[in-house]
Each structure stands twice: as structure tokens, then as C-alpha cells.
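Remarks on the structure that follows.
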Amino acid sequence: MARSSKRTVFAACPHDCPDGCAMLVDLEDGKATGVRGNPDHPFTRGGLCVKVNKYTERVYSPERVLHPLKRAGAKGEGRFRAISWEAALAEIGERWTAIIEAEGAEAILPHSYLGAMGVLNGMNVGDAFFNRLGASITERTFCGSGAFTGYFMTVGDTPGTDPEDFRHAKYIVLWAINTISTNLHHWPFIAEAQKNGAKVVVIDPVRTRTARKADWHLALRPGSDGALALGLINAIIAEDLIDHDYVARYTLGFEELKERAGEYPPEKVATITGLAPADIRKLAREFATTEPAVIRSGVAIERHAGGGQAVRAITCLPALVGAWRQIGGGMSLAPEFAFPFNMERILRADWIRPGTRVINQWRLGRALTGELGLDPAIKSLVVYNANPAIVLPEQEKVLAGLARDDLFTVVSEQFVTDTARFADLVLPATTQLEQFELISSWGQYYLAINEPAIAPLGEAVSNTELFRRLARTMGFNDPYFQRSDEEIALEALDWSDPKLQGMTLDSLKRDGFAKLDMGARAPHAEGNFPTPSGKCEFKSSLAEGGNFVFASFRQGSEEFQAGEPIDPLPNWTPPEDGEGGRYPLNSLSPKSHAFINSSFANLPTQARHAGEQHVMINPEDASARNIAEGSRVRVHNARGAFQAVVRITRDVRPGVVVAPMGYWMADGQEGRTVAAVNSDAYADLGRAPTFSDSRVEVSPLS
Ligand SMILES: Nc1nc2c(c(=O)[nH]1)N[C@H]1C(S)=C(S)[C@@H](COP(=O)(O)OP(=O)(O)OC[C@H]3O[C@@H](n4cnc5c(=O)[nH]c(N)nc54)[C@H](O)[C@@H]3O)O[C@H]1N2
Ligand SMILES: Nc1nc2c(c(=O)[nH]1)N[C@H]1C(S)=C(S)[C@@H](COP(=O)(O)OP(=O)(O)OC[C@H]3O[C@@H](n4cnc5c(=O)[nH]c(N)nc54)[C@H](O)[C@@H]3O)O[C@H]1N2
Ligand SMILES: [Mo]
């Protein structure tokens with residue numbers, strides 16, 4: 001009898017979450033028996049989450065796609081038969097060559113997001129290949145682009161306050177972020193501060209898990225944050241609570257900001273936000289006079305018509321009161337700016353043919369149905385790391401587009417998702433335990449390594465290997481497409497950057513992870529903002545260039561858009577009501593506690609935890625509609641409808657309904673999800689989405 005061999009391997013969570021956890025995989029006889037949080041990692045601290053605790057259930061799920069599949073039924077039906085990789089690649093090669101000859105390569109459109117968020121296999125893994133091919137350029141601005149643009153215009157690409165230093169703060173504002181569900185591993189640092197006397201304030205229309213733990217929850221109207229932030233600026237200036245020295249030395253445009261904020265006295269802001277004037281003044285006073293004071297914001301604010309400028313207004317606050325002076329003071333919104341990526345090597349924008357068209361993913365439905373009038377029309381769609389059927393707005397249009405018989409759709413996946421059901425070919429993708437990876441983070445400053453723990457199951461391949469195979473199929477002999485995973489890792493980051501001092505692939509293999517060397521812990525105690533002026537720009541000098549989109553969000557270069565002028569001062573735009581008042585309720589579709597976007601919604605443990613798709617509604621709105629607790633309702637507007645089970649609760653304000661996102665269509669009645677009621681209108685900055693502006697009606701199902 002062979003002795004069983006046990007082993008532990010360093011891994012890192014691949015999912016689209018700010019935590020970027022370091023994991024340990026336990027192996028026995030070549031099989032992974034479980035994953036754990038690495039106890040030595042100061043951010044993960046040995047614990048994972050309800051999504052990833054049982055990651056091996058995902059890896060070994062009987063539902064995994066393990067071989068290339070070819071469609072054997074109608075699109076959407078989900079009937080497939082297994083074929084060989086050789087046959088699948090041959091078909092792709094033939095179809096694409098024919099499309100390129102007949103219509104040009106722009107008739108091919110890639111579509112990827114963050115199903116995997118590793119440095120190697122993440123969002124940008126296919127960009128160089130599609131640039132070389134000459135495909136249409138895909139632009140991905142539905143997560144972060146608006147918030148980052150607003151933040152970037154104000155303080156530059158600074159990672160800001162180290163999330164770990166929140167433990168030193170005395171006043172913490174969690175502004176539109178549900179930390180306990182979406183950034184769980186940040187919570188212990190906040191809880192430690194709270195235990196040491198810090199006040200934790202949550203600004204969120206919904207009484208979330210995080211709001212319940214706060215010392216003060218301000219339940220404002222959705223989309224009113226810009227007005228609130230300008231009201232705070234107004235009150236801080238009116239009560240002369242600004243840090244005059246900091247403002248004079250390290251900020252730009254104070255007089256203009258003062259004038260703009262003058263339009264937002266607390267009484268007016270109270271009518272916009274639904275908060276009491278006294279509470280607005282109190283928040284202003286406490287934030288300005290408690291040291292260190294810090295704000296954590298995420299991407300949720302950007303999802304309203306005026307979201308980007310709201311982030312701008314919020315980002316002005318720490319500089320106004322000199323909060324950046326202290327360790328643990330300031331703001332954290334974009335910790336990923338810490339990581340020195342080699343974007344030129346990753347994107348290969350030099351391969352883009354001048355004039356290649358750009359298609360925003362948020363408009364995929366219209367792009368596929370022909371509503372955008374694209375010439376040539378899209379004839380092939382290639383999806384990897386993404387589930388557009390569930391996460392994109394205008395779901396009816398997305399599905400109609402995916403159902404087109406003349407569209408050659410290739411989907412690389414771990415599971416037959418609602419998107420994959422429409423594929424002509426489904427290609428099997430590995431999970432994290434089957435591949436080599438480096439994990440950076442958008443919530444802390446550690447780089448973690450993920451060594452392959454087990455061999456790929458079936459014929460699954462990593463995304464890097466997928467693109468090596470596609471390059472070979474299309475006859476691209478460039479050495480770029482022949483690099484091994486470790487060679488890609490060495491080129492994807494700038495290892496000579498001082499922040500990566502002493503870090504090598506070998507040291508990561510030895511230790512599992514390492515923290516970036518960030519230098520000063522109060523990085524903006526003396527200004528030093530990476531903006532054109534070197535100051536915190538209340539009045540933005542970048543605004544002159546017009547609205548823009550970051551390079552990593554675009555499958556190519558960063559581009560300033562002429563003809564889209566933006567207000568150089570923070571402002572407030574009311575939430576969009578594209579329905580002309582016909583639909584009275586504002587529907588929010590936040591993240592589910594147990595899923596990562598639509599990932600995990602198909603797995604039994606997480607599906608049980610989340611329960612059925614539900615919608616939260618205030619008792620006032622429920623009784624006005626004769627809706628009973630636990631009953632089934634239809635949430636609808638002119639765009640579409642989905643069904644949900646009602647939860648009547650004062651956790652949501654009157655006028656607001658909340659239906660968490662991520663459920664699969666197969667699980668929903670009428671076969672639609674929250675995406676059916678969302679519009680594809682852009683917000684003010686960075687072409688961010690506006691899905692939190694959705695207006696709906698909720699009706700009992702007879
Ligand atoms: N469990 C879990 N974790 C996740 C994810 C997941 O799907 N599940 N997804 C990951 C991804 S991709 C992302 S981008 C992050 C997102 O992380 P978060 O931004 O924290 O996620 P959300 O739950 O969408 O939104 C946060 C909160 O914003 C509130 N909100 C909505 N509109 C407004 C508004 O107008 N003003 C204010 N002040 N608050 C508002 C919502 O009620 C919600 O509680 O989470 C990541 N982590
Ligand atoms: N209504 C509403 N819509 C939203 C949001 C919202 O809050 N509300 N949030 C928006 C935001 S912030 C985001 S980030 C997007 C998320 O949008 P997506 O990134 O498209 O998110 P997922 O639904 O998780 O889809 C990722 C898919 O990638 C697959 N995958 C995982 N790992 C791999 C891999 O290694 N290789 C390959 N080929 N595939 C892999 C997973 O199985 C999964 O099906 O949704 C956006 N849409
Ligand atoms: Mo996201």
C-alpha cells in the first residue's frame with residue numbers, strides 16, 4: 001500500500017474582490033482536499049469567505065466544462081457535444097479567416113472582464129492577441145472607470161491611505177461600500193480602530209451588514225452623494241474648519257471650490273439627500289475636527305448619472321481638512337495604483353491599427369442587435385472571464401444579440417453559464433488551483449503567488465495557454481505569443497520599481513506573498529500628489545482634455561475624448577430618470593454576500609446561503625401595492641422584467657428597492673434577472689454605468 005503523500009501549496013484567490021487573499025491548498029495524493037486563508041498574510045489573516053472557503057467544490061464540481069464543446073441545439077438551449085481541441089481550433093481558424101476576408105477583422109469582438117483577476121490570466125490576457133488580429137477594440141468601463149477618473153482628476157494615481165493603517169484612524173467614513181460583504185478582510189482593521197474609540201460612519205441608502213456595525217448610519221437617497229459632499233464642503237468652510245496651511249500649500253482651486261460649494265448650503269442638501277440639516281453639519285464638524293479622519297469609498301457611487309463628480313467632491317474632503325497629514329488619515333479608493341504594471345508589454349497597443357473602432361461593453365446588446373449601426377456588423381464574439389448575459393444592462397437586447405444565428409460565438413469558461421449556452425464553441429478553462437498566477441490587489445498592497453497545485457482537469461487550459469493556442473491557430477509567430485507563464489509574469493510587472501525591492505519570483509515562491517515597499521505611511525502629509533500641479537486639484541487641470549478612459553479598461557491606449565468637455569469643479573447631477581416618472585421606485589442591484597458577481601451562483605453551498613432572488617421593499621411601498629411579505633412579485637419597467645420574492649423591511653428607504661445581482665437566468669422565473677431593467681446610459685465620467693439609476697415598478701404576481 002502506497003503511503004499517502006500530503007503537501008501544502010501557496011495559492012491566491014483569483015476572484016474579482018479587493019481582498020486578494022493569500023491561500024494555502026492542502027493536497028493529498030495529488031488531490032486538493034481544501035483551501036485555507038494563509039494565517040501569515042497580514043490582510044487575509046487565515047480566514048477566507050463564504051464564496052471561497054469551499055473553493056475545491058468549484059474545482060471538482062460535476063458541472064465543470066472539461067472538454068471543448070460544440071453546440072448541438074439551438075442557441076440558448078445549452079445542448080453541446082464534446083469535440084477535440086484540434087477540431088475546435090480548426091473551426092475557429094476557418095471561421096475567423098473567412099470573416100476577416102469578407103468583412104475585415106473588426107467584425108470580430110473580444111469581451112472579457114474579471115472572472116479571473118490575476119496578473120497573467122485576468123482582464124487583459126487577450127488584449128495583445130486581439131490587437132495583433134486587428135479586432136474591434138473592447139472598452140470595459142462598468143466597474144471603477146468613473147470612480148477612478150473622479151479620484152484621479154483630484155489626487156492623481158496615488159494608492160492613498162494604506163488600508164491597514166485604518167487601525168490608527170479615529171474617524172472612519174465608509175462611503176457607499178458594503179465592506180463586510182464586498183471587502184471583508186478590511187473589516188478587522190476598522191473594527192480594531194472602532195474598539196480603540198474610532199467612530200465608524202456608513203453612508204448608504206441601505207442598512208447593510210456593514211451599516212449595522214456602524215456607530216452612525218446615514219441613509220441618504222441614492223445618487224445624492226455629490227450634493228452631500230458639496231454640502232459638507234460648504235459647512236466646513238462656513239464654520240472655518242479647514243486646514244488653512246494645508247489648503248494654501250497643497251491644493252489648487254480653493255476659491256473656485258468655495259464658490260461652487262456655496263450653491264449647496266446644508267438646508268438645500270437636506271432636501272436633495274433626505275438627511276437632516278443638523279446631521280449634515282454634524283458630519284462636517286466631526287470629520288473636520290477628529291484626527292486622523294479617513295474615507296473608504298469604492299465604485300458604487302459611480303453608478304449614477306453624476307457619480308464621477310460625486311467621487312471628485314468626496315475626494316476633496318481629506319485635503320480640505322488636512323486629514324492627509326496623519327498616518328491612517330486621508331482616503332482609500334484605488335489601492336491598485338500601487339502596483340507597477342508594465343502596461344505596454346501587457347496590452348501591446350503598438351499593434352493596434354490606427355483608426356480601429358472601439359466598442360464599449362456596456363453597449364454590447366445594441367452592438368450585437370445592429371442598433372449601433374456598426375459597419376461591418378459584429379460576426380464573431382469571443383468571451384472569456386465574463387458572463388455578459390447576466391451582468392450587462394438591456395438584457396433583452398444582449399440575449400437577442402447572442403441568439404443571432406450568424407454570430408460565431410466562442411466562450412472560454414469553467415461552467416456552462418447563461419452566456420455559454422449561446423456559444424457555438426465552449427472552451428474549457430482551468431480554475432486557480434490548476435494554473436500559475438500572480439495576484440495583485442485593489443484593496444491592499446501585497447503581491448501573492450499562486451503555484452499550480454493540481455494538474456488541469458480534463459482538457460482545461462489557462463487563459464494564457466488559450467491565447468498561445470489561438471495565436472498558433474492564426475499563424476502568429478511572434479515570440480510574444482510563445483512566452484511561458486513565468487516569462488509573462490516577469491514582463492507584466494516592472495520588477496525594477498522600488499516598490500518591488502527585493503521581490504523576485506523565487507522569493508514569492510519561498511514566502512507566498514510580499515508587501516510592496518510603499519515608503520512614507522502618510523504619503524501626502526506634504527502634498528506630493530501625482531497630479532499635473534503636484535497638488536490636490538479641487539479645480540482639475542485634466543478636465544480641459546475632456547472625458548477619458550484608463551488604458552487597462554480599454555484594450556489599448558488611454559485616450560482623451562475630444563468633444564466631451566467636463567466640469568473642472570465637482571458638481572452634482574440628479575440621478576437619471578429615463579422613464580419620465582412613469583416608474584416610481586429606484587432599484588439598486590448591489591453585490592450578493594455569497595456570490596462574486598454571477599460566479600458561484602450555480603454552486604450549491606453559495607446558492608443555499610443566498611436563497612432565492614429577493615427584492616427588499618419598504619413597508620410603506622409594499623402596502624401601497626398590496627404586496628405581502630414572502631410573496632412573489634414582478635419588478636419591471638419599459639426595458640424588461642424579472643421576478644423576485646419580497647422582503648418587506650425598513651432597511652431600505654421608501655422609494656428604493658434592492659435586488660442583489662448575480663443570480664443565473666435558469667434560476668429565475670421568466671428567465672430574466674435584474675439586468676433586464678437596467679439601462680446602458682453612461683454616467684458623467686469615464687463612461688461609467690448608471691445601473692443604480694434604474695426606475696421600476698413592483699407588482700404582485702396574480
Ligand atoms: N460578496 C461579494 N463581494 C464582492 C463582489 C460580489 O459580487 N460579491 N463583487 C466585487 C466587485 S466586482 C466589486 S466592483 C466590489 C463592489 O463593492 P461595493 O461597491 O461595496 O458593492 P455594492 O454592494 O455594489 O455597493 C456598495 C453599497 O453601495 C450602496 N449604494 C448604492 N447606491 C448608492 C448611492 O447612490 N450612494 C451611496 N452612498 N451608496 C449607494 C449599496 O446600497 C451598497 O450597499 O465588490 C467586490 N466584492
Ligand atoms: N445590475 C448590476 N450589474 C452589474 C453590477 C452590479 O452591481 N449590478 N456590477 C458590475 C461590476 S462592478 C462588474 S465587475 C461586472 C462583473 O462582470 P463579470 O466579470 O462578467 O462577472 P462574472 O459574472 O463573475 O463572470 C465572470 C465569468 O468568468 C468565468 N471565469 C472565472 N475564471 C475564469 C478563467 O480563469 N478563465 C475563463 N475563461 N473564465 C473564467 C466565471 O466562471 C464567470 O462565469 O458586473 C457588472 N454588472
Ligand atoms: Mo466590479
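The values are calculated or read from the model by the stated rules, or taken from the named source; none is laboratory data. Given the structure is predicted, the values throughout are model-derived calculations rather than measurements. Neighbour counts run over all protein chains shown; Cβ positions are idealised from the backbone, glycine included. Areas reflect the complete protein model, heavy atoms only, side chains present, ligands, DNA and RNA absent. Shrake-Rupley method; radii C 1.70, N 1.55, O 1.52, S 1.80 Å.
Selection of the stretch 474-491 for residues being in contact (Cβ under 8 Å) with a residue 12 or more places away in the chain, open to solvent by 50 Å² or more (accessible area, probe 1.4 Å) and either more than 27 Å from the chain's Cα centre (by Cα) or within 16 Å of ligand 3 (Cβ to nearest atom) (or both) yields only Gln482.
Could you run through the stretch 89-112 and say how many residues are within 16 Å of ligand 3 (Cβ to nearest atom) and in contact with a Gly (Cβ under 9 Å, 6 or more places away or on another chain)?
1
Is it true that Glu106 is surrounded by fewer than 21 Cβ atoms within 10 Å (Cβ to Cβ) and not hydrophobic (A, V, I, L, M, F, W, C)? Judged against the criteria, Glu106 is not a match.
Of all the criteria given as (1) within 16 Å of ligand 3 (Cβ to nearest atom); (2) more than 22 Å from Leu368 (Cβ to Cβ), the one not satisfied by Val200 is (1).
A single member of Lys268, Lys258 is over 18 Å from Arg312 (Cβ atoms), away from ligand 3 (no atom under 16 Å from the Cβ) and in a helix (DSSP H, G or I), and it is Lys268. Among the residues of the stretch 387-406, the one identified as under 27 Å from Ala471 (Cβ atoms), open to solvent by less than 20 Å² (accessible area, probe 1.4 Å) and in a loop (DSSP other than H, G, I, E, B) is Asn387.
Of all residues in the stretch 626-636, those satisfying the criterion of being on the phi < 0 side of the Ramachandran plot and either touching a Leu at 6+ places or on another chain (Cβ under 8 Å) or open to solvent by 50 Å² or more (accessible area, probe 1.4 Å) (or both) are Ala628, Glu629, Ser631, Arg632, Val633, Arg634. Of the residues Ala147, Ala128, the single one that is within 30 Å of Thr419 (Cβ to Cβ), within 14 Å of ligand 2 (Cβ to nearest atom) and surrounded by 21 or more Cβ atoms within 10 Å (Cβ to Cβ) is Ala147. Looking only at residues in the stretch 636-667 that are small (Gly, Ala, Ser) and either without any contact (Cβ under 8 Å) to a residue 24 or more places away in the chain or within 18 Å of Glu579 (Cβ to Cβ) (or both), the one that is farthest from ligand 2 (Cβ to nearest atom) is Gly655. Among the residues of the stretch 564-585, is there at least one that is surrounded by fewer than 21 Cβ atoms within 10 Å (Cβ to Cβ), charged (D, E, K, R) and within 30 Å of Arg348 (Cα to Cα)? Within the stretch 564-585, one or more residues are surrounded by fewer than 21 Cβ atoms within 10 Å (Cβ to Cβ), charged (D, E, K, R) and within 30 Å of Arg348 (Cα to Cα).
With respect to (1) at pLDDT 95 or above; (2) closer than 23 Å to Pro574 by Cα, the lone exception for Gly686 is condition (1).
Before we move on, is Asp517 open to solvent by 40 Å² or more (accessible area, probe 1.4 Å), in contact (Cβ under 8 Å) with a residue 40 or more places away in the chain and outside any helix (DSSP H, G or I)? So Asp517 fails the test. Applying the condition of being at positive phi and modelled with pLDDT under 95 to the stretch 654-677 and asking which residue is most open to solvent (accessible area, probe 1.4 Å) yields Glu670. Each residue in the stretch 210-231 was checked for being outside any loop (DSSP other than H, G, I, E, B), near ligand 1 (Cβ under 9 Å from one of its atoms) and charged (D, E, K, R), and 1 of them qualify. Candidates Ala135, Ala116: the one that is aliphatic (A, V, I, L, M), away from ligand 3 (no atom under 16 Å from the Cβ) and outside any strand (DSSP E or B) is Ala135. Looking at Phe152, Phe166, just one residue is open to solvent by less than 10 Å² (accessible area, probe 1.4 Å), away from ligand 2 (no atom under 16 Å from the Cβ) and touching a residue at least 12 places away in the same chain (Cβ under 8 Å), and that residue is Phe166. Within the stretch 675-702, residues that are within 15 Å of Gly223 (Cα to Cα) and in contact (Cβ under 8 Å) with a residue 40 or more places away in the chain reach partners that are among the β-branched types (Val, Ile, Thr) and outside any loop (DSSP other than H, G, I, E, B) with beta carbons closer than 7 Å, at six or more positions or on different chains, in the pairs Leu685/Thr149; Ser694/Val677. The residues of the stretch 435-452 that are away from ligand 1 (no atom under 16 Å from the Cβ) and open to solvent by less than 10 Å² (accessible area, probe 1.4 Å), listed by number, are Glu437, Leu438, Tyr445, Leu447, Ala448, Ile449, Asn450.
For the stretch 523-544, which residues satisfy the criterion of being on the phi > 0 side of the Ramachandran plot and open to solvent by less than 10 Å² (accessible area, probe 1.4 Å)?
Gly527
Total residues in the stretch 178-194 satisfying the condition of being more than 18 Å from Glu291 (Cβ to Cβ) and away from ligand 2 (no atom under 16 Å from the Cβ): the figure is 7.
To keep it simple, each residue is scored yes or no on (1) at positive phi; (2) outside any loop (DSSP other than H, G, I, E, B); (3) of a type in the set (Val, Ile, Thr).
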{"position": "Gly46", "(1), (2), (3)": "yes, no, no"}
{"position": "Lys75", "(1), (2), (3)": "no, no, no"}
{"position": "Ala87", "(1), (2), (3)": "no, yes, no"}
{"position": "Ile92", "(1), (2), (3)": "no, yes, yes"}
{"position": "Ala128", "(1), (2), (3)": "no, yes, no"}
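Checking each residue in the stretch 301-330 for being under 28 Å from Ala520 (Cα atoms), open to solvent by 10 Å² or more (accessible area, probe 1.4 Å) and touching an Asp or Glu at 6+ places or on another chain (Cβ under 7 Å) picks out Val321, Gln326, Ile327.
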